[in-house]
Amino acid sequence: MTIRLHVDADLAEGADVAVSPAQAHYLGSVMRLGPGDPVILFNGRDGEWAARLAEVNRKAARLVVETRLRPQAPEPDVWLLFAPPKGPRLDFVTEKATELGAALLRPVFTRRSVVTRVNEEKMRAHLIEAAEQCERLTVPVLAPPAPLDRALAEWPSDRRLFVLAEHGPSRPLAEALTPGPAGFLVGPEGGFDKTELDALAGLPFAVAVGLGPRILRAETAALAALACWQARHGDWAVGPAFRS
Ligand code: SAH
């Protein structure tokens, strides 16, 4: 399969694109590609393009952009706010939320959060890698990690926030989902504090939803919710792009 890379440069027919040293290392040393080999490029703005390697060495590579394979298209309008789980579970939710088409991810810190910092650079690298691999045309936005209060204060009032509430009153997810801009909020391994759920219940844009009688791991809850939303209101009616 042709390698797909996310780049920052503008993409257009005939454009000359220099990739990062890490990407050059990957193309030249890891994948052992050479001049003339095809690579697919996207930048989140100009669609997806067929390109060819012009030069590659251990530290630098240059590609020439040829033809556009797909025009840019908007992503489904769903966000994920989540209390970050530890290490590999954070990597997992980052990768899978990208595959499931989340447009934006924002780590939030709640009262029972054990993880209180996120390595944004590492998380961004995982978002890019997952976007390259799953054939997205964009990389999800990584909104700055913030305390839950601040994330809620900044929440756009025209976007519904489905709060995955493991306790207290809630509506079944499939019944509660509505069309239009959406987001999900998932709590930490220790769950939401009662005061947090009470505060959330008072917000006009928030709806508490349940995922059934079993207590799910935070990452399972996040991915299950995104999958339900995609099936109901997202782009799952569209098949993967066909390329000969
Ligand atoms: N330790 C808590 C569970 C936390 S699960 C307890 O024992 O009660 C982590 C997060 O996943 C929760 O905060 C919630 O956002 C989500 N979650 C897990 N199971 C859920 C369910 N059945 N319904 C809705 N949300 C759920």
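Each reported figure results from applying straightforward, stated rules to the coordinates on display, with no laboratory input. All of these numbers come straight from a predicted model, not from anything done at the bench. A quick note on method: Cβ atoms are made from the backbone with ideal geometry, for glycine too, and the neighbour counts reach across all protein chains shown.
Starting from the Kirkwood Rh over alpha-carbon pairs, what translational D in µm² s⁻¹ does region 36-106 have by Stokes-Einstein at 10 °C and 1.306 mPa s?
Result for D is 107 µm²/s.
Considering only C-alpha atoms, what is the centroid distance from region 80-97 to region 168-244, in Å?
15 Å
What residues have an amide H closer than 5 Å to that of residue 163, excluding those fewer than 5 places away on the same chain, when H is modeled at 1.01 Å from N in the peptide plane?
Amide H to amide H, under 5 Å and 5 or more residues apart or across chains, residue 163 pairs with 185, 207, 208, 209.
For the chain, what is the relative contact order in percent, using Cα pairs closer than 8 Å and at least 6 residues apart in sequence?
Dividing the mean separation by the residue count of the chain yields 18 percent.
Which angle from 0 to 90°, rounded to the nearest 10, does the C-alpha axis of helix 87-99 make with the longest principal axis of the chain?
The two axes meet at around 70 degrees.
Under 17 Å from the Cα of residue 194, which aspartates and glutamates turn up, not counting those fewer than eight places away in the same chain?
149, 166
Once the convex hull of the alpha carbons of region 104-244 is built, what does its volume come to per residue, in cubic angstrom?
Hull volume over Cα atoms, normalised by residue count, gives 125 Å³.
Give me the distance in nm between label points sitting 7 Å out from Cα along the Cα-to-Cβ direction at residue 114 and residue 236, one decimal.
In this crude label model, residue 114 to residue 236 measures out at 3.1 nm.
What lysines does residue 122 reach when the alpha-carbon gap must be under 25 Å and sequence neighbours fewer than 8 apart in one chain are set aside?
59, 86, 96
When the Cα centres of region 101-123 and region 1-54 are compared, how far apart do they sit, in Å?
Distance between centres, Cα-based: 30 Å.
Work out the length of the dipole vector of region 4-70 about its Cα centre, built from +1 on the beta-carbon of each Lys and Arg and -1 on the beta-carbon of each Asp and Glu, and round it to the nearest 20 debye.
Rounded to the nearest 20 debye, it is 280 debye.
Put a dot 7 Å past each Cα toward the Cβ at residue 143 and residue 198; how far apart are the dots in nm?
That separation, rounded to one decimal, is 2.5 nm.
Taking 7 Å along the Cα-to-C-beta vector as the label spot, tell me the residue 16-residue 64 distance in nanometres, rounded to one decimal.
Each label point is offset 7 Å from its Cα along the Cβ direction, giving 1.0 nm.
If you stretched the chain out fully between residue 227 and residue 37, how much longer would it get, using 0.36 nm times the residue separation minus the C-alpha to C-alpha distance?
Full extension from residue 227 to residue 37 adds 64.8 nm.
Considering every pair of different Cα atoms, what Kirkwood radius, in Å, is found for the chain?
Here the Kirkwood hydrodynamic radius works out to 19.3 Å.
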